[in-house]
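The structure under discussion appears below in the form of structure tokens.
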Amino acid sequence: MRLENSDLKMKVINFRKKGMTYREISNKIGTEVSKSTLSSWCKDTKLPNSYFCRLKKLNKVNLSKARISAVQANKIKRQKYLDSVSNRVRYLGRLITNKDIAKVVLAVIYAAEGSKSNMGSMMFGNSDSSMIRLFMKLMRLCYKIDEAKFRCTVQCRSDQNIESLENYWSNITNISLGQFYKTQVDPRSIGKPTKKLDYKGVCRINYLSSDTDLELKKIFELITTGL
């Protein structure tokens with residue numbers, strides 16, 4: 001048994017002289033030996049100069065792996081948190097089918113992104129397709145809409161494809177292209193490339209109804225004064 005240990009120790013020392021790490025030595029000898037024992041056996045072993053350069057590189061690699069693992073762990077933790085928030089409020093999405101609640105939501109987003117004037121018709125504009133889609137969904141849910149009263153205007157940058165944008169917003173709003181006003185190009189954007197490749201311009205929706213405009217503004221007024 002002592003001879004076997006002596007042979008094993010010499011193998012370990014020889015591997016160490018070659019500049020192997022203790023983990024590499026453990027894998028090489030195929031026998032489970034504690035790191036403290038390996039360290040004790042090799043305490044007087046002179047390491048080659050190349051070992052320290054190699055160790056530095058290994059440390060960098062291990063640090064990089066540790067950072068990647070930490071990022072992945074944080075992503076998983078973040079996703080679990082987002083899922084928990086989503087599950088917590090999921091039931092609220094179903095409340096929008098109630099017309100009274102839907103009108104309140106519509107009044108709030110109209111107050112935020114709609115017309116501030118009193119010209120007797122509605123105007124709602126946004127570059128976010130989800131906001132435009134929500135506005136149209138709520139309008140059609142809350143009111144007996146006359147689809148012919150909708151008008152749509154696209155506002156875009158000079159280097160964008162107008163036909164493509166009009167088709168895009170027509171699909172989002174489900175408003176016929178025949179009800180689109182002429183697209184407005186921002187003259188300030190001439191000669192300046194659009195940096196955001198997914199930017200679809202701004203969609204401005206007009207609905208020719210002073211009654212709906214006034215009602216939504218009154219709902220918002222009642223909500224805010226009642227707080």
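Rule-based calculations on the coordinates, nothing more; no lab input. Note that the coordinates shown come from a computational prediction; the quantities given were computed from them, not determined experimentally. As a convention, Cβ positions derive from the backbone with ideal geometry for all residues, glycine included, and neighbour counts pool all protein chains shown.
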- For the chain, with +1 on Lys and Arg beta carbons and -1 on Asp and Glu, the positive-most of 224, 92, 33 along the dipole: 33
- Calculated FRET value between residue 149 and residue 214, using beta carbons and R₀ = 22 Å, to 0.05: 0.90
- Taking the Cα centre of the range 2-47 as origin and charging only Cβ (+1 Lys, Arg; -1 Asp, Glu), how large is the dipole, in debye to the nearest 20? 200 debye
- Item | Among 52, 197, 104 the positive-end extreme of the charge dipole of the chain (Cβ point charges) | 52
- Report the label-to-label distance for residue 117 and residue 31 in nanometres (one decimal), using points 7 Å from each Cα along the Cα→Cβ vector. 9.1 nm
- Item | Coordinate range along principal axes, alpha carbons of the chain, Å, largest first | 100, 47, 29
- Item | Shape of the range 2-47, Cα gyration tensor, a/c cut at 1.5 | rounded
- Karplus ³J(HN,Hα) for the range 182-192 (6.51 cos²θ - 1.76 cosθ + 1.60, θ = phi - 60°; Hz, whole; x = Gly/Pro) runs 4, 4, 9, 9, 6, x, 5, 8, 4, x, 10
- Message: Whole-Hz ³J(HN,Hα) for each residue in the range 6-13, computed from phi via Karplus 6.51 cos²θ - 1.76 cosθ + 1.60 with θ = phi - 60°, x for glycine and proline: what do you get?
- Response: 5, 5, 5, 5, 5, 4, 4, 5
- Message: I'd like the FRET efficiency for residue 127 and residue 89, computed as 1/(1 + (r/R0)^6) with the beta carbon distance as r and R0 of 25 Å, rounded to 0.05.
- Response: 0.50
- Take each of the peptides 193-203, 9-19, average the number of other beta-carbon atoms within 10 Å over its residues, and list them starting from the highest. 9-19, 193-203
- Query: For the residue pair residue 55 and residue 18, what label-to-label distance in nm results when each label sits 7 Å from Cα along the Cα-to-beta-carbon direction?
  - Reply: 1.9 nm
- Could you compute the FRET efficiency for residue 96 and residue 64, with r as their C-beta to C-beta distance and R0 at 45 Å, rounded to 0.05? 0.45
- Query: Restricting to the range 98-225, what percent of DSSP beta bridges are antiparallel, rounded to 5?
  - Reply: 80 percent
- Could you work out how far helix 99-113 tilts from the main Cα principal axis of the chain, as a 0 to 90 degree angle to the nearest 10? 80 degrees
- Provide the per-residue ³J(HN,Hα) series for the range 128-135, in order, calculated from phi with Karplus coefficients 6.51, -1.76, 1.60 and θ = phi - 60°, each as a whole number of Hz, with x at glycine and proline positions. 8, 4, 5, 5, 5, 4, 5, 4
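Contour minus end-to-end for residue 47 and residue 196, with contour as 0.36 nm per residue of separation and end-to-end as the Cα-Cα distance?
48.1 nm
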